[in-house]
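The values are calculated or read from the model by the stated rules, or taken from the named source; none is laboratory data. Note that this is a predicted model, so its numbers are computed, not measured. Glycine also receives a Cβ, built like all others from the backbone with ideal geometry; neighbour counts cover every protein chain displayed. When the accessible area is computed, the model is the full protein with side chains, heavy atoms only, and any ligands, DNA or RNA have been set aside. Shrake-Rupley method; radii C 1.70, N 1.55, O 1.52, S 1.80 Å.
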Amino acid sequence: MYELPDIRWIIDRAAVVDTIVASANAIDAQDWQKLPSYLADEIDIDYSAHIPHFLT
């Protein structure tokens, strides 16, 4: 029997896949007004852990 975390993972994964497919379809259709609805307003990404220490 499946437990709730297993089902939640499947639901979350399906939502991510749906968003990726919808954004790709908007790009293919050149629907530039719909595309932002699939993107975050603003994100912060920290890649510093992936930069060799001799470059910092």
Problem set entry | Whole-Hz ³J(HN,Hα) from phi, Karplus 6.51 cos²θ - 1.76 cosθ + 1.60, for segment 22-35, glycine and proline x | 5, 5, 5, 5, 5, 5, 4, 7, 6, 8, 5, 7, 7, 3
Exercise. In what sequence, highest mean first, do 10-17, 31-38 appear when ranked by Cβ atoms within 10 angstrom?
Worked result: 31-38, 10-17
Seminar exercise, completed: A 1.4 Å probe over the protein heavy atoms gives segment 11-56 a carbon and sulfur accessible-area percentage of 57
Exercise. Sorted from largest down, what three extents in whole angstroms do the Cα atoms of the chain have along their principal axes?
Worked result: 48, 42, 18
